[in-house]
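Note sheet for the following structure.
The values are calculated or read from the model by the stated rules, or taken from the named source; none is laboratory data. The shown structure was predicted, so the numbers you read here are calculated from the model rather than taken from an experiment. Glycine also receives a Cβ, built like all others from the backbone with ideal geometry; neighbour counts cover every protein chain displayed. Note: areas computed on protein heavy atoms with side chains; ligands, DNA, RNA excluded. Shrake-Rupley method; radii C 1.70, N 1.55, O 1.52, S 1.80 Å.
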Amino acid sequence: MVKIPQALLDNLQGVKGFDAAAFIAAHGLPAPTSVRINPAKNIGLFTANEKVPWCSGGVYLNERPVFTLDPAYHAGSYYVQEASSMFLAHMLNSVLDGKEGLRVLDLCAAPGGKSTLIASLLDKDSLLVSNEVIRTRASILEENMTRWGYMNTWVTSNDPRDFGKLSGYFDVIVVDAPCSGSGLWRKDPRALDEWSEANVQMCSERQRRILADVWPALKEDGVLVYATCSYSPQEDEQVLDWLAHEYEVKSLPVSIKDECGITEVQTEKRMTAYRFFPGKVKGEGFFIAAIRKTEEADTLRPAKFKTANDKKIQQHAGYLLTDPNQLFIPTGNDGYSAIRPEHEADLHILQKAVYLRKTGLKLGSASAKEWLPDHEVALSTDANGSLPCIEMNREQALHFLKREDPGVGETPKGWHIVRYHGLGLGWVKSLGNRLNNYLPKQWRIRMEIDS
Ligand code: SAM
């Protein structure tokens, strides 16, 4: 049973939708488990499960399986995500209304829940920049975005103020802000120990700083989504009102169905936001709002540039992709990545301001004899479907994911993608009677698998 601090209960008295008795009772129950299916890697899992009403692809699971022991999870077929936060899908679908070719920034993106969701909503001409300032967390983000498999998702690791230099560049900025985390106590009761009113205040101030830093990077008429997984109005409504006080903005309400239990709230400055209380919704605590920037903003124009496309590499490595008509660009250490041609100007703009950790799809590098394919290709939705592959059953796939011999017997010599239900997991190189496992060390599962 999670013991909720009295100071928070007192603080929430009078907040629309807050019902102390239902809230306390819900904290005596486990958090529901939910996942979101990757539409580009849908192998028909969980089709009979209850759906998350505000997100197509979101489903509740009746129990929490050991995801580490499911190769489909490693292949990026689904992402384990708390249901309330999937509301971002409904919000973006409503406010973007089918717009294409967008430049989207997910500023506080690790481990990647919102970014994988956004990636699935965007068309191929759009570009998603997923940023995480903390280096160690940026690695996890990069891993999750690689699993998700979209070439138009790039990963950066910068302080929000670095994005401020990109005047009027983004159509959409999502700030899923670092917060006091009260909304996730059912999932992580340890977070309770760090909660205090002083910490709520500190988070509120930090959120304002982050928003102020990134605000110049939003276009005129661009959309900012602000979200937290905390209940305190000091972090939620009051931060939204601070935005409305500092800048010219218009609130963007979206439609909701009464039966979902989501609470639509109005702030003092008449901004509309959505609150999620366990006990009312089947999900954790969450706060989210969308606003439009209505003030004039500078617009960054790309300087003239010479294309970075390397035609030789395109000829050499183009076989890896279903559509080789991409740009093949050097990314250091003799490596190359593929980006969509429509994103070359973005490359020139972004690399001047921020540190690009992952620019499109890493393709690998050339050796004297052959192309050494990068792990990312195996997980990419753009990988050429007719590359040599070895389909493995669950047990073999798990041994592969432990970097052990998967025990598949004789295989023709050369590079093969390891697949599970048709989804790529990584590369092996066959020497005929033996396979060399090319799964990167840091991707290896460390859990016992023989249970
Ligand atoms: N959007 C993520 C998702 O859906 O998986 C969760 C993001 S979490 C709520 C907030 C993130 O902000 C954390 O990854 C944290 O490392 C990052 N963060 C912490 N301090 C920050 C700062 N000063 N500026 C920007 N991001 C920060």
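Just a few scattered comments:
- Accessible area of the range 116-181 divided out per residue, in Å², using a probe of 1.4 angstrom: 28 Å²
- Violating pairs (Cα-Cα greater than 31 angstrom) within the set 99/304; 16/187; 114/280; 114/429: 114/429
- Think of a 1.4 Å ball rolled over the protein heavy atoms: the range 235-326 then has 55 Å² of accessible area per residue.
- The mean accessible area for residues of the range 1-80, using a 1.4 Å probe and ignoring ligands and nucleic acids, is 49 Å² per residue.
- Restricting the trypsin sites (Lys or Arg not before Pro) of the range 1-44 to loop positions (DSSP other than H, G, I, E, B) with no more than 13 neighbouring Cβ atoms within 10 Å leaves 3, 16.
- Net charge of neighbours whose Cβ lies under 10 Å from the Cβ of residue 220, counting Lys and Arg as +1 and Asp and Glu as -1: -2
- Highest-first arrangement of 232-238, 388-394, 43-49, where packing means the average Cβ count within 10 Å: 232-238, 388-394, 43-49
- Net charge dipole, the chain: roughly 1060 debye, given to the nearest 20, about the Cα centre with Cβ charges of +1 for Lys and Arg and -1 for Asp and Glu.
- Size of charge dipole - the range 315-400 - debye, nearest 20, with Cβ of Lys, Arg +1 and Asp, Glu -1, no other charges: 240 debye
- Estimated from helices alone, the mean residue ellipticity of the chain at 222 nm is -7000 deg cm²/dmol (sum of -39500 (n - 2.57) over DSSP H runs with n ≥ 4, per residue).
- Pairs of Cα atoms nearer than 8 Å and 6+ residues apart set the relative contact order; for the chain it is 15 percent.
- Across the range 323-451, the mean sequence separation of Cα contacts (distance under 8 Å, 6 or more residues apart), normalised by length, yields a relative contact order of 17 percent.
- Shown here are the Rg and Dmax of the Cα trace of the range 181-327, at 21.3, 60 Å.
- Per-pair calculated FRET efficiency, R0 = 25 Å: residue 266 and residue 140 via Cβ, rounded to 0.05: 0.10
- Over the chain: Kirkwood hydrodynamic radius from C-alpha pairwise inverse distances, Å: 23.2 Å
- Comparing Cα centroids, the range 280-333 and the range 365-396 end up 23 angstrom apart.
- Sulfur and carbon atoms: percent of accessible area, the chain [1.4 Å]: 48 percent
- Sequence ranges 292-301, 207-216, ranked by mean other-Cβ count within 10 angstrom, highest first: 207-216, 292-301
- Overall, the range 61-207 carries a charge dipole of about 120 debye about its Cα centre when +1 sits on the Cβ of Lys and Arg and -1 on the Cβ of Asp and Glu, all other atoms neutral.
- Selection among 145, 437, 249 by position relative to the dipole of the chain gives 437 as farthest towards the positive end (Cβ unit charges, Cα centre).
- Extent along principal axes [Cα atoms of the range 326-380; Å; largest to smallest]: 36, 21, 16
- Cβ-Cβ FRET estimate between residue 205 and residue 410, R0 fixed at 56 Å, reported to 0.05: 0.30
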